[in-house]
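Okay, structure first, notes after.
All of the numbers you see were taken from the coordinates with simple rules; none came from a lab. Quantities reported herein were computed from a predicted structural model and do not represent experimental measurements. FYI the Cβ positions are ideal-geometry reconstructions off the backbone, even for glycines, and counts take in every protein chain you see.
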Amino acid sequence: MSIETTQEIAISQEDYELIRDYIHEKCGIYFADNKMYLVKNRLSKRMHELGIKNYRDYFYHVKYDTTQKEFAQLMNVITTNETSFFRNEPQLLSFAEEALPLTLKEKAKSGKKTIKIWSAGCSTGEEPYTLAIILLEKLREIKDWKIEIIANDISEQVLTRARTGIYSGQTLRNMKSDILLKYFIKQDEEYRVKPEVKSLINFSHMNLNDIRRSLYHNNFDYIFCRNVMIYFSEEVKKTLVRNFFDALNPKGYLYIGHAETLHNISKAFKLVYFKNALVYHKEDVNADSSKESSAGISIRRPTFLTKNEEDPAAGASRAIDLLSKIKQTQSVGTK
Ligand SMILES: C[S@@+](CC[C@H](N)C(=O)[O-])C[C@H]1O[C@@H](n2cnc3c(N)ncnc32)[C@H](O)[C@@H]1O
């Protein structure tokens, strides 16, 4: 039996910086110097497929490809797409049990039965499908509601899998068997998402670092951008978070990965300490700002940090982050 191996192609520091800076400029993902092995490993395979023997040639091949097809391929190989259904249960519990009821109450007051959610960096679709399932479980008369879940990613490869909606193995490990039976059709060892779940989601390609495109994304009640910004440079994070703030409705919520923080990125959001998780909240500036919030956290005026600015509340924020991490390591079961 022969084992096929793809030999890695050696890269110089100069070529590494050329490619790394190009990737950063285009999509916001920043590879530090100690990630050279990762870039080399991921690009070598693609370069073998193309018969390209050095990184400088590959760089020009991507940069001057007017069809952008090679850039799309580059995004397929360079991105980290790890995800799973019901990833980080405490965050999802805080969404289902704490934030969503508040949103529903507000919607009932205004008479607007709409919920709009953005899953930014949705990978193979597990996150938006999970959110759709939660909404189907929580909203008694779903027909009365206009639900829109916008899900996008920069990798076409993962989007194709998300649209197909067929899953098996490890990604389903946090799924309760009754939920699996209710919202999936079993096909041999695989599970296909039912149309009623799929119909709530609109998958599309989007580069979060393309500010012009993201300006068309607005009026969201929730933005989930979990485990995406960890790959971005600080300056890209700052711009993106500013866009998220603008894209949210007043009283909207931003969920980032449980190990991520907006400390030194933005002071515009109010950090809400829900029972299950910490969530960033966009205050309604027209509401009475002298009051303390129901979560007991005072309201902050929108402030955005510039590139080199330090957040004076950094220490407190770090302490809260730490507490949250400790809390989230304790297992919390879903209902
Ligand atoms: C680790 S996955 C996270 C998936 C999901 N949000 C979760 O938490 O399970 C990160 C995703 O972000 C996507 N991504 C990275 N840079 C992006 C960009 N500039 N625009 C859109 N998506 C991007 C990657 O392709 C990848 O699928």
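Each of 118, 145 was scored by other Cβ atoms within 10 Å of its Cβ. Arranged with the fewest first, they read 145, 118. The aspartates and glutamates within cross-link reach of residue 116, meaning a Cα-to-Cα straight distance under 16 Å and a gap of 8 or more places when in the same chain, are 106, 127, 144, 148, 221, 246. Separation of region 246-289 from region 148-169 is 26 Å, based on Cα centroids. Put a plus charge on the Cβ of each Lys and Arg, a minus charge on the Cβ of each Asp and Glu, and nothing anywhere else: the dipole of region 13-78 about its Cα centre is then about 260 debye. Put a plus charge on the Cβ of each Lys and Arg, a minus charge on the Cβ of each Asp and Glu, and nothing anywhere else: the dipole of region 140-230 about its Cα centre is then about 100 debye. Cross-link partners of residue 113 among lysines, defined as those whose alpha carbon lies under 16 angstrom from its own and excluding same-chain residues fewer than eight positions apart: 105, 138, 143, 146, 251.
Would you please state the base-10 log of I(q)/I(0) at q = 0.16, 0.24 1/Å for region 89-179, with intensities from the Debye formula using one equal scatterer on every alpha carbon? Once normalised to I(0) and log-transformed, intensities are -0.74, -1.33.
In terms of other Cβ atoms within 10 Å, 253, 37 run from fewest to most in the order 37, 253. Counting neighbouring Cβ atoms within 10 Å and putting the fewest first, the residues 109, 282, 53, 194 line up as 109, 53, 194, 282.
Note on residue 182: aspartates and glutamates with a C-alpha under 14 Å away, same-chain residues under 8 apart excluded, are 137, 196.
Under a model in which nothing but the beta-carbon of Lys, Arg (+1) and Asp, Glu (-1) is charged, region 1-147 shows a dipole of about 760 debye around its Cα centre. Between the residues 16, 60, 37, the greatest Cα displacement towards the positive end of the dipole of region 13-78, with unit charges on the Cβ of Lys, Arg, Asp and Glu, is found for 37. Dipole orientation for region 162-292: of the candidates 263, 168, 202, 168 has the Cα lying most toward the positive pole (charges on Cβ; Lys, Arg +1; Asp, Glu -1). Listed here are the pairs 40/194; 45/186; 176/275; which of them are more than 32 Å apart at the Cα? From 40/194; 45/186; 176/275, over 32 Å: 40/194; 45/186.
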